[in-house]
Every structure is written in C-alpha cells, then in structure tokens.
1. Please list, or write none, the aspartates and glutamates whose alpha carbon is within less than 20 Å of the alpha carbon of LYS163, excluding same-chain residues fewer than 8 places away.
2. Mind listing the long-range amide H neighbours of PHE273? Cut-off is under 5 Å, sequence gap 5 or more, other chains count too, H placed in the peptide plane at 1.01 Å from N.
3. Only Cα pairs within less than 10 Å get springs; with that Gaussian network setup on the chain, which residue of ALA237, ALA279, ALA128 has the largest fluctuation?
4. Once phi is turned into ³J(HN,Hα) by the Karplus curve 6.51 cos²θ - 1.76 cosθ + 1.60 with θ = phi - 60°, what whole-Hz value does each residue of region 170-187 show in order, with x for glycine and proline?
5. Rounded to the nearest 500 deg cm²/dmol, what is the calculated helix-only ellipticity per residue at 222 nm for the chain, with -39500 (n - 2.57) per DSSP H run of length n ≥ 4?
6. Determine the shape class of region 32-160: with a ≥ b ≥ c the square roots of the Cα gyration tensor eigenvalues, call it rounded for a/c under 1.5, and otherwise prolate if a/b is greater than b/c, oblate otherwise.
7. What value in Å³ per residue do you get for the convex hull of the alpha-carbon atoms in the chain?
8. Please tell me which of these pairs span more than 29 angstrom C-alpha to C-alpha: LYS182/LYS302; LYS140/LYS304; LYS35/LYS182?
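Nothing in this text is a laboratory measurement; each read-out follows from the coordinates by a stated rule. Computed from a prediction, not measured in an experiment: that's the story for all the values here. With ideal geometry, Cβ positions are generated from the backbone for all residues, glycine too; neighbour counts draw on all protein chains shown.
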Amino acid sequence: MKKLAIGVDIGGINTAFGLVDENGDMYGESVVSTKKFPYFDQYPAYIDELCEGIKILLRGVDFEYELVGIGIGAPLANHYEGILDNPSNLWKWRETDDASGSRILHIVDDIKKQFGGVKVVMTNDANAAAIGEMMYGGAKGMSDFVVVTLGTGLGGGIVANGKLVYGHDSFAGELGHIIVEKGGRLCGCGRRGCLETYVSATGIRRTVSMLLAERNDPSELRDIPFNQLDSLMITQAAERNDPIALAAYEYTGRVLGEALADVVTLNSPEAIFLFGGLAKAGRFIFEPTKKYMEDAMLFIFKDKVKLLPSSIDGKNAAILGASALVWQNDEK
C-alpha cells in the first residue's frame with residue numbers, strides 16, 4: 001500500500017496543498033483562499049474550509065493508500081508547540097478588537113481533530129524548504145547545508161548532522177534578521193539594518209531606488225513608479241544590460257555574500273542553496289554572491305562551500321517542502 005502525505009503551504013493570499021509520496025511525486029493538489037478569512041474570528045471557518053478541501057482531494061485518489069500525516073509550512077510557525085502566535089501577516093484584528101490581546105492559534109491540534117488524530121506537524125516556510133531540499137532535491141545525501149529563501153523577505157533553514165536546527169524554541173535560522181548595517185534600513189521587525197531589508201524582492205527594490213537617486217545612469221527603471229516595480233522587472237532590465245539593474249544585483253550579491261561568509265563560519269555547511277523568486281535571477285545574483293562570499297570567507301573555508309540553486313524551487317516547491325516534514329522525526 002502506498003504511503004502518502006499532505007503538504008500544506010499557508011500564505012497570506014492562498015493556502016496550497018497537495019498529496020505527495022516519499023519520492024516527491026504529486027498525486028493531486030488544490031488551493032483555498034486565505035485572504036477570504038482576513039480576521040482572527042474567522043480562523044475556525046478557514047480551518048473547516050481547508051480540511052474539507054483536503055478531504056475532497058483524498059476522495060479523488062483511485063488506489064489504496066495510507067495517509068501518513070499532514071505537514072504544514074507557515075510564517076512564524078512554532079514547530080514544537082504546533083501554534084501560530086499572533087500571525088498578523090495572515091489574520092488581522094477587527095477595528096473593534098483590542099489589538100494588544102493574544103491570538104494564539106492551535107493549528108496543528110485543530111487540523112488533527114478533523115483527521116482522526118493522524119500525525120500533523122508544522123514549521124516555518126524556510127525550514128520546510130530545507131527539509132524538502134533534503135528529501136527531494138539537491139541536498140539528498142548531505143548532512144550539513146543551509147537553504148536561504150529569497151522572497152518578499154529572507155528566511156533560512158539550517159541542517160546540521162542531518163537534522164534541521166530548530167533551537168530551544170523552534171525559531172532558529174532567522175537569517176533575514178542578522179544585522180548587516182547598524183542603523184541601516186528600517187525592517188518590518190522594528191530594527192534597522194536587517195539582512196532582508198537589502199536581500200529580498202523588497203530589498204532590491206529599495207536598492208534600485210537608492211541607486212537611481214545617487215547615480216545619473218540612463219535606465220529603463222527610471223520610468224517605473226516604485227510601487228509598481230518588482231524583482232522580475234529588475235532581472236529583465238539586467239538581461240538588457242541596464243546599468244542600474246546590474247549595479248543593484250552587484251550590491252545585493254555583495255551584502256548576501258558577506259553575510260553568508262559569516263554563516264559558514266558558524267555552521268561549516270557543505271552547500272548553501274538559494275531558493276525563491278530572487279534566486280531565479282540566476283547568474284545576476286549567484287555570481288556576485290559567490291565572489292563576495294569567497295572574498296569575505298575565513299581562509300579555512302575558502303573554496304569548500306558550494307552555492308547552488310534549489311532543485312525543488314518550482315510550482316510545487318512549497319507543497320513538497322511541507323509534505324517532507326511528515327517523513328522527519330524532529331520532535332523535541
């Protein structure tokens with residue numbers, strides 16, 4: 001009998017989920033709207049709709065199978081406790097609510113109740129990407145590696161001795177909040193100079209804005225309002241040798257490379273995988289990152305650490321990563 005897992009990726013707009021086996025083969029996927037339920041008091045209805053969607057997906061399977069478990073990737077997920085604590089990026093308070101009140105969502109228990117106690121496990125999206133890379137991707141056979149997710153923000157998943165590093169509270173690996181410039185750009189976390197304010201889809205937009213103000217180079221990016229600019233536009237401009245776009249990637253790669261050199265000093269990984277939208281810029285992000293990483297590297301690590309693109313970073317990557325949690329045994 002084939003063993004299958006459900007992978008669930010909870011995002012601010014949609015929640016995607018799919019049925020996956022141990023080899024990473026997909027047997028169906030679907031999606032429900034997260035933004036349809038924007039407030040905390042609508043969370044129970046969201047859980048009901050998500051669980052019903054999963055059950056519909058399972059009813060469509062036309063062979064005998066065993067559901068081994070459900071893996072969930074979500075921002076700021078607490079792996080050990082199975083909760084989301086005040087996830088205001090997913091659900092918000094109504095104007096009449098006391099916004100200072102706690103909103104702890106027991107999402108693992110709430111889903112488990114609807115599936116007869118089947119194993120349900122949750123972690124943040126970057127950790128899920130790391131486990132997915134180890135189970136299904138380029139990190140197969142590796143015991144020590146780092147996955148850096150380059151999306152709207154920057155996340156990190158660290159694997160050491162074959163195990164994901166969670167830390168005592170499950171929040172280890174927040175690479176996006178390493179301070180790379182004291183007193184630098186304001187971050188959504190409230191601090192200044194965090195890595196993700198420079199290295200992310202949001203960060204590179206800010207870099208382009210800075211360069212446009214500082215330099216006189218002709219650039220197609222000058223005609224794009226800041227609120228309409230995205231990282232894909234910057235990549236496309238770089239492909240056309242736009243000087244501002246090329247300089248933005250050089251700057252971004254320098255900041256990332258120097259930060260990764262410090263990460264290597266702490267972890268001594270075999271490889272670092274770049275995952276997410278900004279990583280799709282290919283050589284524009286990889287070449288400067290590798291150059292500056294090696295320049296800043298402690299001599300004992302030079303030319304030892306591979307910088308690689310994720311091999312699961314595609315349409316189903318988030319689902320694959322979440323499903324991979326089921327096959328792990330990382331309980332505290």
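1. In chain and number order, the partners are GLU22, GLU81, ASP125, GLU133, ASP144, GLU174, GLU270, ASP330, GLU331.
2. VAL146, VAL147, VAL148, LEU308
3. Comparing ALA237, ALA279, ALA128 in the GNM, the peak value goes to ALA237.
4. In residue order, the calculated couplings are 6, 9, 5, x, 6, 5, x, 10, 5, 7, 9, 8, 4, x, x, 4, 5, 9 Hz.
5. Theoretical 222 nm ellipticity from helices: -10000 deg cm²/dmol.
6. Oblate, since a/c reaches 1.5 and b/c is not below a/b.
7. Expressed per residue, the convex hull around the Cα atoms of the chain is 149 Å³.
8. Over 29 Å apart, Cα to Cα: LYS35/LYS182.
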